[in-house]
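Structure, as structure tokens:
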Amino acid sequence: MQSVENILRGLADDRATGSLRLGKAGTFYLTDGRVTYAESTAAPRVEDLLTASRRISAHAVRQARQAATEGRWGGEQLVDKGVLTRGELEFCVLNAVLDAAYFLCGATGHRPRFRPGELHWLGPQWYFEVTGLFRECKRRKARLDETWPSAELDALPVVPLGRITAQRVVLTPLQWEVLVGADSATPPADLAQKLGRPAYSVLLAVRQLASSGLLRMPESEPGAVPAAPARPAKPAVTSGPSAPGMPAAPDPPAPLATPQPPDTPDLLPKRTRGDTKIPDAGATSSGSSDWLPAATGDPTDLNLLIRLRNALEALT
């Protein structure tokens, strides 16, 4: 059976328009060979993200979905009615597509079925090249493994520790939501649905919490290789006075004295006046623009979309 990536590449080469259904795992929607939307049972849909944030009501979403036509898609109706701004809709769709694609890219055991002409009710908002989409999925997988190498926590209930030895812990807003929402019975995917947050972001937060030693690790079976030990993040923990009823933390060991390197002459030449030539106004520097990315307004530039998404996430 062909992989999901190979099937999508073939549809991209044929400039196909329609939906690629992967059984119960989810669906890719394509327009002229480019992915415009994706849904996965492991990730919240765009309407789930919108209603969870209380930006719009479930009734408004239902009305737009029922009234959507090929000439006037549901996304256009939400924008025209003033329910959402264009930027809010596009940013939410961007999050939902990248989130669902991460779980669909590795889907196996499902018989793919392509339905020509079938599009998502929101209509095309972004256009993703198949190659760039899978490259982003691999980058996300590498980031998860770098944060915490074991994937066993991805399917297990999130269980915070009842007591930690650190005097102070710094959390991101999403990490705080995960700890507060964890009930020791809900795995990360279901917790993402409950919080109305992207599933991948919740997975990453869970692994970050595990790396900081804030989650209870599953017990290893006899003979099994133990999971990577918890390693508290250095910026997240600081020393301070002990809380009432808690033993005082031991003083950190004194740093070892290190020999000072011998004096060495300056390796770089000293600048003198007149060495730097300032170009005339309007002149183009010979090497100043080599490192700059090429300006583009093409919505197919996935790298631009990812940079935009990461920048907006950093502001929240």
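The values are calculated or read from the model by the stated rules, or taken from the named source; none is laboratory data. This structure is a prediction, so every number in the text was calculated from the model and none was measured. Note that each Cβ is placed from the backbone with ideal geometry, even for glycine, and that neighbours are counted across all protein chains shown.
Please pick out the residue among Arg86, Arg113 that is over 18 Å from Ala12 (Cβ atoms), more than 17 Å from the chain's Cα centre (by Cα), loosely packed, with under 13 Cβ neighbours inside 10 Å and outside the structural domain of Ala192 (by TED's automatic domain parsing). If you could, list the steps in order and put the result at the bottom.
Working: Arg113 fails: over 18 Å from Ala12 (Cβ atoms).
On inspection, the qualifying residue turns out to be Arg86.
When the stretch 142-163 is examined, which residues are found to be closer than 12 Å to Ala205 by Cα, crowded, with 16+ Cβ neighbours inside 10 Å and out of contact with any strand residue (DSSP E or B) (no Cβ under 9 Å at 6 or more places or on another chain)?
We begin by selecting, within the stretch 142-163, every residue closer than 12 Å to Ala205 by Cα; these are 143-144, 147-148, 153-154, 158.
From the residues that got through so far, the ones that are crowded, with 16+ Cβ neighbours inside 10 Å too are 144, 147-148, 153-154, 158.
The answer is Leu144, Thr147, Trp148, Asp154.
Of the residues Val158, Val97, only one is closer than 29 Å to Pro218 by Cα and in contact with a helix residue (DSSP H, G or I) (Cβ under 9 Å, 6 or more places away or on another chain); which?
Val158
Are there any pairs with C-beta distances below 7 angstrom linking a residue in the stretch 166-187 that is at positive phi to a residue that is in a loop (DSSP other than H, G, I, E, B) and surrounded by 15 or more Cβ atoms within 10 Å (Cβ to Cβ), with the two at least 6 apart or on different chains, and if so which?
Listed by first residue and then by second, the contacts come to Ser184/Pro157; Ser184/Val159.
Only one of these is among the acidic types (Asp, Glu) and crowded, with 18+ Cβ neighbours inside 10 Å: Glu136, Glu129. Name it.
Details: Glu129 fails: crowded, with 18+ Cβ neighbours inside 10 Å.
None of the others qualify; the one that does is Glu136.
So if I check each of Glu5, Glu39, which one is crowded, with 19+ Cβ neighbours inside 10 Å and of a type outside the set (Ser, Thr, Tyr)?
None of the others qualify; the one that does is Glu39.
Show the residue pairs meeting these rules: Cβ distance below 6 Å; 6+ apart or different chains; first residue within the stretch 51-68 and touching a residue at least 60 places away in the same chain (Cβ under 8 Å); second residue among the aliphatic types (A, V, I, L, M) and assigned to a helix (DSSP H, G or I).
As it stands, the answer is Thr51/Ala58, since those pairs meet every condition given.
List pairs: first in the stretch 87-109 and touching a residue at least 40 places away in the same chain (Cβ under 8 Å) and farther than 20 Å from Ile7 by Cβ, second part of a loop (DSSP other than H, G, I, E, B) and not acidic (Asp, Glu), Cβ under 7 Å, 6+ apart or cross-chain?
Val93/Leu122; Val93/Gln125; Val93/Trp126; Leu94/Trp126; Asn95/Pro198; Ala96/Arg45; Asp99/Ala43; Asp99/Pro198
In the stretch 179-198, how many residues are more than 19 Å from Leu50 (Cα to Cα) and of a type in the set (A, V, I, L, M, F, W, C)?
Residues meeting the conditions: 4.
Taking the criterion of being closer than 21 Å to Ser201 by Cα, in contact with a strand residue (DSSP E or B) (Cβ under 9 Å, 6 or more places away or on another chain), part of a helix (DSSP H, G or I) and aliphatic (A, V, I, L, M), would at least one residue in the stretch 101-121 satisfy it?
yes
Residue check, Gly23 against (1) under 16 Å from Glu118 (Cβ atoms); (2) touching a Phe, Trp or Tyr at 6+ places or on another chain (Cβ under 8 Å); (3) among the small types (Gly, Ala, Ser), all met but one. Which one?
Every listed condition holds for Gly23 apart from (2).
Being out of contact with any Gly (no Cβ under 6 Å at 6 or more places or on another chain) and surrounded by 17 or more Cβ atoms within 10 Å (Cβ to Cβ) is the filter here; which residues of the stretch 50-78 pass it?
Leu50, Thr51, Ile56, Ala60, Val61, Gly74, Glu76, Gln77, Leu78
From the set of residues in the stretch 164-223 that are among the hydrophobic types (A, V, I, L, M, F, W, C), surrounded by 15 or more Cβ atoms within 10 Å (Cβ to Cβ) and in a loop (DSSP other than H, G, I, E, B), which is nearest to the chain's Cα centre (by Cα)?
That would be Leu171.
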